[in-house]
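Student: This structure is in structure tokens; I'll ask about it shortly.
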Amino acid sequence: MVSPPKILVCLDTDAQPSVFDGVVAVDAGIDHLFRHGGVTPDAIRNLVYGALFTRGTADLRSTAIFIGGSDVAAGEALLAKARECFFGAMRISLMIDSNGANTTAAAAVLCAGKHAALRGVTATVLGATGSVGRRVVRLLAREGAIVRVSSRQLARAQGVCNEVAILLPSAQLTAWETRSADAVSQAITGATVVINAGAPAVELLSEPQRREAKSLRVAIDLNAVPPVGIGGIEPQDKATERDGQMLYGAIGVGGLKMKLHKAAIRRLFESNDAVLDAEEIFALGGTW
Amino acid sequence: MVSPPKILVCLDTDAQPSVFDGVVAVDAGIDHLFRHGGVTPDAIRNLVYGALFTRGTADLRSTAIFIGGSDVAAGEALLAKARECFFGAMRISLMIDSNGANTTAAAAVLCAGKHAALRGVTATVLGATGSVGRRVVRLLAREGAIVRVSSRQLARAQGVCNEVAILLPSAQLTAWETRSADAVSQAITGATVVINAGAPAVELLSEPQRREAKSLRVAIDLNAVPPVGIGGIEPQDKATERDGQMLYGAIGVGGLKMKLHKAAIRRLFESNDAVLDAEEIFALGGTW
Amino acid sequence: MVSPPKILVCLDTDAQPSVFDGVVAVDAGIDHLFRHGGVTPDAIRNLVYGALFTRGTADLRSTAIFIGGSDVAAGEALLAKARECFFGAMRISLMIDSNGANTTAAAAVLCAGKHAALRGVTATVLGATGSVGRRVVRLLAREGAIVRVSSRQLARAQGVCNEVAILLPSAQLTAWETRSADAVSQAITGATVVINAGAPAVELLSEPQRREAKSLRVAIDLNAVPPVGIGGIEPQDKATERDGQMLYGAIGVGGLKMKLHKAAIRRLFESNDAVLDAEEIFALGGTW
């Protein structure tokens, strides 16, 4: 039996729908893209119903929805609304990757996991309160790491800890205020993994500090804009060994991020009930 | 000689172009969809000229325009503007199905016609003043039925009669005010066909009333949202015989509606001069 | 090695993206169109980065950007912003054809060149200060013609001369004020080529004037809306010989314009570094 053409409905919260997400979808093999910009929650019902009520249930797996845009909270609101439209077998697969946060965080934690069993290991997340950082914390905690959640503001770090603890009551999380270089050094002392998810063009950990942290096995910097966020890591570094540490830069992680993004798009069309958020996208890479 | 790719230009009066119409177009075999949202009459000339002046006249049949959106009057304004842009052989095929009103009405009347010759038969349309109801009245009248146009407000029912009488001077139409259950019972007394096109989630005809109407051979309810509009009809009913009547629910009619919609899209690309409104879409199903 | 699907990102400065440009792109063989309307310069960076950072450098030639819309200055602002996003090998091909000005001007000058060597020849451009006219002046000057830049306002004609002289210091340009029929006759006296790029539905040169201009070998009218801009030229004229002159009307030039437009789209995907403005599009036709 022949399946109908694969249609990906891209719902973007930005006025102009993402070219990035569109190109990845094409390269993942979709047949038709329906790209929508400036999508608000009140528009969701009609859009989702249009996807639900046009193809027979056996063919619902050939239509899927991707939610993107720079505003992660706005994307999450669309995701929640879309799920409300489903009933019984009347559902289609969904993926959210607003701001690229899910694929980036999943790729970073997968890179870390290549060099260190994450269960029971101490991992420090710098700049942990942004959309990528919060997902890195979630994924590390779910893998059983002891996670140090670091931010320039303790209250924000604690907020992320609280948020993740609700999802994962067994998570081992501590909030760290890292306003000074000394505080950052303390936050990585004894840690095996450090991942920087802070703002672009801000160095949070200097090269000497990183070298001095003798416990570090893996250092991953997700900032691609100079100056990089962790001193002595080049954006292109990809499992580059220096100073006894495995180093990854933003571009080095990017290859895996793209591979995950494409695999997730393909996964959408294997059934009509996938909901791919950070954890599910991470799991896709776990078998590689 | 090879035809160029089939391009369907979807002009939608809603801010977000319809996913429903897009999926149907893909499944009808178009190659490229150009989807436009928030289309207003002043934008039509440029859009239509772009379709007219890009391909040789022999290839104009490979470009067509679909007009959709929730506002039927707004769609009709676009259709009128689009037709004004044509001259001589410089024209392309057009279809309008704002609010799905044309395909839904055509499917409902085709279902009725499967079980009762419509010429000379009495047919009652409940909720006849909406976009679907008015088209059901038009199509029934054109088939030669004696149509009872029912509404909670007599003036609105009479307005629909007047409107249809202008198009079809020979139409046999009477306006019925149906504010009470008794008035509804009267409106279906002696009728062979009843079609409910009223607002969703409003019961206009109860199950006991329907059973007591001994003349009824066909009862069609176009409301899919509970409670259904005609008591004792399930949305999935499709030529289900109960109480000596053939019953159709909204989903039961929906299969034919989808088939008509796809056939109409395919018809667009068979010549460059089709204009598919309710009557032409109904005619497509007449040969099945 | 298989190339990925060809994606053309159409960035349009009008609210509704051009159907014209979309159909031509499809007919030039692209696989996927990403159509954006209402594009402003501040949106460019994200859109271009999305095209740059999704495919490996070897595959960047399979993604390209087309800039269109009715406002040429607005399109040029997008082009400038897009070029600023490139660095090193990280670039993709670009084309601009706002208002169809580049393809129209290139086609007109190519038509002229079929019948008269342009180097050293005197060519008069009527209505030279619009987006098409200015490009006709640029292309004629670059080919070595002695160009008379004509406008109803001398200051505007002189402005175009100045603008082109900056790009082409060796250009031979003179400004002509042509408010009266006599002034127009003077402006074409001794000229071998006349091209009208003036406003639609305005006759700038009457049929008797044209016939009396014994030096004229080629007369090209780019106005398709009656009355035509040069008397005695039919829109369909294409190298039609009358009165000892080769005549072209807007539709007669249109065939070459369309061929150039399609060739330019195809050219975009042959490398990742093309920037196709008027001159480059003109050069594409130079080999035919």
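The values are calculated or read from the model by the stated rules, or taken from the named source; none is laboratory data. The structure presented is a predicted model; accordingly, all values stated were derived computationally and were not measured. Backbone-built Cβ (ideal geometry, glycine too); neighbour counts: all protein chains shown.
Student: I'd like the residue in region C:43-72 that is within 27 Å of residue C:134 (Cα to Cα) and in a helix (DSSP H, G or I) and, out of all such residues, is nearest to the other protein chains (Cβ to nearest Cβ). So that I can check it myself, show each step before the final result.
Tutor: Looking only at region C:43-72, we keep the residues that are within 27 Å of residue C:134 (Cα to Cα), and these are C:44, C:64-72.
Narrowing further to those that are in a helix (DSSP H, G or I): C:44, C:72.
Values: C:44: 9, C:72: 15 Å.
The residue in question is C:44.
Student: Further question: State all residues of region C:81-104 that are touching a helix residue (DSSP H, G or I) at 6+ places or on another chain (Cβ under 6 Å), assigned to a helix (DSSP H, G or I) and of a type outside the set (Ser, Thr, Tyr); if no residue qualifies, say none.
Tutor: Across region C:81-104, the qualifying residues are C:81, C:82, C:99, C:101, C:102.
Student: Any residue at all in region A:54-64 that is closer than 30 Å to residue C:63 by Cα and hydroxyl-bearing (Ser, Thr, Tyr)?
Tutor: The answer is yes; a qualifying residue exists.
Student: Now for a separate question. Out of region B:163-191, which residues are charged (D, E, K, R) and over 18 Å from residue B:129 (Cβ atoms)? Please lay out each step first, then the result.
Tutor: Initially, region B:163-191 is screened for residues charged (D, E, K, R), giving B:163, B:177, B:179, B:182.
Across region B:163-191, the qualifying residue is only B:182.
Student: Residues in region A:48-88 that are farther than 18 Å from residue A:274 by Cβ and crowded, with 20+ Cβ neighbours inside 10 Å: how many? Step through it out loud before you land on a result.
Tutor: So in region A:48-88, the residues farther than 18 Å from residue A:274 by Cβ come out as A:49-50, A:53-54, A:56, A:69-74, A:77.
Narrowing further to those that are crowded, with 20+ Cβ neighbours inside 10 Å: A:50, A:54, A:69, A:72.
So the answer is 4.
Student: Would you mind telling me which numbered condition in (1) in a loop (DSSP other than H, G, I, E, B); (2) hydroxyl-bearing (Ser, Thr, Tyr); (3) crowded, with 20+ Cβ neighbours inside 10 Å residue C:150 fails?
Tutor: The number of the failed condition is (1).
Student: Of all residues in region B:204-234, which are at pLDDT 95 or above and within 19 Å of residue B:132 (Cβ to Cβ)?
Tutor: Correct list: B:204, B:205, B:218, B:219, B:220, B:221, B:222, B:229, B:230, B:233.
Student: Please state which one of B:274, B:183, B:213, B:171 is closer than 27 Å to residue A:55 by Cα and not assigned by TED's automatic domain parsing to the domain that holds residue B:24. Give the derivation first.
Tutor: Values: B:183 fails: closer than 27 Å to residue A:55 by Cα; B:213 fails: closer than 27 Å to residue A:55 by Cα; B:171 fails: closer than 27 Å to residue A:55 by Cα.
Of the residues listed, the single one that is closer than 27 Å to residue A:55 by Cα and not assigned by TED's automatic domain parsing to the domain that holds residue B:24 is B:274.
Student: Hey, another quick one. Can you name the residue in region B:238-268 that is more than 14 Å from every other protein chain (Cβ to nearest Cβ) and more than 29 Å from residue B:208 (Cα to Cα) and, of all such residues, is nearest to the chain's Cα centre (by Cα)?
Tutor: Per the criteria, the residue is B:264.
Student: On to the next question. Listed residues B:69, B:22, B:37; which is touching a residue at least 40 places away in the same chain (Cβ under 8 Å) and either touching a His at 6+ places or on another chain (Cβ under 6 Å) or of a type in the set (Gly, Ala, Ser) (or both)? Give the derivation first.
Tutor: Values: B:22 fails: touching a residue at least 40 places away in the same chain (Cβ under 8 Å); B:37 fails: touching a residue at least 40 places away in the same chain (Cβ under 8 Å).
Result: B:69 is the single residue among B:69, B:22, B:37 that is touching a residue at least 40 places away in the same chain (Cβ under 8 Å) and either touching a His at 6+ places or on another chain (Cβ under 6 Å) or of a type in the set (Gly, Ala, Ser) (or both).
Student: Give region A:212-241 a look and list any residue that's exposed (fewer than 15 other Cβ atoms within 10 Å of the Cβ) and in contact with a helix residue (DSSP H, G or I) (Cβ under 6 Å, 6 or more places away or on another chain), or say none.
Tutor: Within region A:212-241, just A:236 meets the criteria.
Student: Only one of B:61, B:91, B:55, B:45 is over 25 Å from residue C:14 (Cα atoms) and of a type in the set (Lys, Arg). Can you tell me which?
Tutor: Values: B:91 fails: over 25 Å from residue C:14 (Cα atoms); B:55 fails: over 25 Å from residue C:14 (Cα atoms); B:45 fails: over 25 Å from residue C:14 (Cα atoms).
Among B:61, B:91, B:55, B:45, only B:61 is over 25 Å from residue C:14 (Cα atoms) and of a type in the set (Lys, Arg).
Student: Of the residues in region C:203-229, how many are of a type in the set (A, V, I, L, M, F, W, C) and either over 17 Å from residue C:104 (Cβ atoms) or touching a residue at least 60 places away in the same chain (Cβ under 8 Å) (or both)?
Tutor: Count: 7.
Student: Which condition does residue B:78 not pass, out of (1) part of a helix (DSSP H, G or I); (2) within 7 Å of another protein chain (Cβ to nearest Cβ), if it passes all the others?
Tutor: Going through the list (1) part of a helix (DSSP H, G or I); (2) within 7 Å of another protein chain (Cβ to nearest Cβ), residue B:78 breaks only (2).
Student: Among the residues of region C:239-288, count how many are free of Cβ contacts under 8 Å to residues at least 60 places away in the same chain and assigned to a strand (DSSP E or B).
Tutor: 5
Student: Condition first: away from chain C (no Cβ under 12 Å) and β-branched (Val, Ile, Thr). Now tell me which residues in region A:1-42 satisfy that.
Tutor: A:2, A:7, A:9, A:13, A:39, A:40
Student: Looking at region C:124-147, which of the residues that are part of a helix (DSSP H, G or I) and in contact (Cβ under 8 Å) with a residue 60 or more places away in the chain is farthest from residue C:103 (Cα to Cα)? Quick ask: steps written out before the conclusion?
Tutor: First, the residues of region C:124-147 that are part of a helix (DSSP H, G or I): C:131-142.
With the extra rule that they be in contact (Cβ under 8 Å) with a residue 60 or more places away in the chain, the set shrinks to C:132-133, C:135-136, C:138-139, C:142.
Numbers: C:132: 9, C:133: 12, C:135: 10, C:136: 10, C:138: 13, C:139: 11, C:142: 16 Å.
Ranking the qualifying residues of region C:124-147, first place goes to C:142.
Student: Right, something else. I need the full set of residues from region B:111-137 which are closer than 14 Å to residue B:283 by Cβ and buried (at least 24 other Cβ atoms within 10 Å of the Cβ), in order please.
Tutor: The one that is closer than 14 Å to residue B:283 by Cβ and buried (at least 24 other Cβ atoms within 10 Å of the Cβ): B:135.
Student: Give region C:171-201 a look and list any residue that's hydroxyl-bearing (Ser, Thr, Tyr), closer than 15 Å to residue C:151 by Cβ and surrounded by fewer than 21 Cβ atoms within 10 Å (Cβ to Cβ), or say none. Before the answer, list the steps.
Tutor: In the first step, residues of region C:171-201 are kept if they are hydroxyl-bearing (Ser, Thr, Tyr); the result is C:174, C:178, C:180, C:185, C:189, C:192.
Subset that is closer than 15 Å to residue C:151 by Cβ: C:174, C:178, C:180.
Passing the criteria: C:174, C:180.
Student: Looking at region C:52-64 only, could you name the residues that are over 12 Å from residue A:23 (Cβ atoms) and touching a helix residue (DSSP H, G or I) at 6+ places or on another chain (Cβ under 9 Å)?
Tutor: Within region C:52-64, C:61 is the sole residue that qualifies.
Student: What single numbered condition from (1) of a type in the set (A, V, I, L, M); (2) closer than 29 Å to residue C:12 by Cβ; (3) crowded, with 23+ Cβ neighbours inside 10 Å fails to hold for residue A:15?
Tutor: Here residue A:15 meets the rest and fails (3).
Student: State which residue is surrounded by the fewest Cβ atoms within 10 Å (Cβ to Cβ) when the search covers only region B:25-47 and only residues that are out of contact with any Gly (no Cβ under 9 Å at 6 or more places or on another chain) and among the β-branched types (Val, Ile, Thr).
Tutor: It comes out as B:40.
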